[in-house]
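Down below is the structure, laid out as structure tokens.
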């Protein structure tokens, strides 16, 4: 693993009150990207943070020349931050994950290794999810419901660890501002004919701050977006004929 090297990768991190983790994510991403791509950039979207994340990012810009920071004046939601990050990305491939350090940027090597000819999207799926029981249960229920409602081609739509060809990403229109953007992204890529591969990625307990999803307003916004997306795609129930899941990788022995 790790032998494949790409022409260019944009790594996108949405950041909301991740002052305690975003620096480690950027630095770890820079280290792995330098091995995986001839050209890369790191895009962090500060979605109206009110902790010390903006200060951390300002100092990081002086240390990491590949870092591009985009700031929202107010919190617009997870989907809004991702849409801004995708619009700012300019390399051939786009990778994204969260800024809260529950995923390990080094697992990007597994995604790149699975990006064989004919694969457009490599989707991670969590192993050993590092969340409390109630979050694991809620996540499993949400994932099962989303896969059933939208006929998704991946086992873990809620795993925010994805590598995509930017040309394909640029051809779809994303509108969700909530966490429902993950369902919208996967479904619209699927309808556009994307071929998916899947690899397991590690998942860790949150080391700083608290999840923004498990709040009444966020949950309601997500379900509103899912209902709107369901209505929007009502005439496109099945996948595009050429779209398929092309492979599932396993963890190396002992991991």
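The values are calculated or read from the model by the stated rules, or taken from the named source; none is laboratory data. Note that the coordinates shown come from a computational prediction; the quantities given were computed from them, not determined experimentally. Cβ coordinates were reconstructed from backbone atoms using ideal geometry, including for glycine residues, and neighbour counts include every protein chain displayed.
Overview of values
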quantity	calculated
Search result, residues across the stretch 37-51 that are in a loop (DSSP other than H, G, I, E, B), modelled with pLDDT of 95 or more and farther than 25 Å from residue 206 by Cβ	39
Selected residue [touching a strand residue (DSSP E or B) at 6+ places or on another chain (Cβ under 9 Å), outside any loop (DSSP other than H, G, I, E, B) and within 26 Å of residue 195 (Cβ to Cβ)] from 115, 82	82
Selection from the stretch 146-167 of residues that are surrounded by fewer than 17 Cβ atoms within 10 Å (Cβ to Cβ) and part of a helix (DSSP H, G or I)	148, 149, 167
Considering residues of the stretch 54-77 that are in contact with a helix residue (DSSP H, G or I) (Cβ under 6 Å, 6 or more places away or on another chain) and in a helix (DSSP H, G or I) only, the residue surrounded by the fewest Cβ atoms within 10 Å (Cβ to Cβ)	60
Search result, residues across the stretch 13-36 that are assigned to a strand (DSSP E or B) and within 15 Å of residue 64 (Cβ to Cβ)	13, 15
Qualifying residue in the stretch 107-118 (condition: over 23 Å from residue 19 (Cα atoms), buried (at least 22 other Cβ atoms within 10 Å of the Cβ), touching a residue at least 60 places away in the same chain (Cβ under 8 Å) and in contact with a helix residue (DSSP H, G or I) (Cβ under 8 Å, 6 or more places away or on another chain))	yes
The stretch 121-145 - residue that is touching a helix residue (DSSP H, G or I) at 6+ places or on another chain (Cβ under 8 Å) and at pLDDT below 80 and, of those, surrounded by the most Cβ atoms within 10 Å (Cβ to Cβ)	129
Only listed residue being touching a helix residue (DSSP H, G or I) at 6+ places or on another chain (Cβ under 6 Å), more than 25 Å from residue 176 (Cα to Cα) and surrounded by fewer than 16 Cβ atoms within 10 Å (Cβ to Cβ), chosen from 4, 35	4
Those residues of the stretch 188-208 which are part of a loop (DSSP other than H, G, I, E, B) and touching a strand residue (DSSP E or B) at 6+ places or on another chain (Cβ under 7 Å), in sequence order	194
Options 174, 185; residue that is over 24 Å from residue 23 (Cα atoms), assigned to a loop (DSSP other than H, G, I, E, B), modelled with pLDDT of 95 or more and within 16 Å of the chain's Cα centre (by Cα)	174
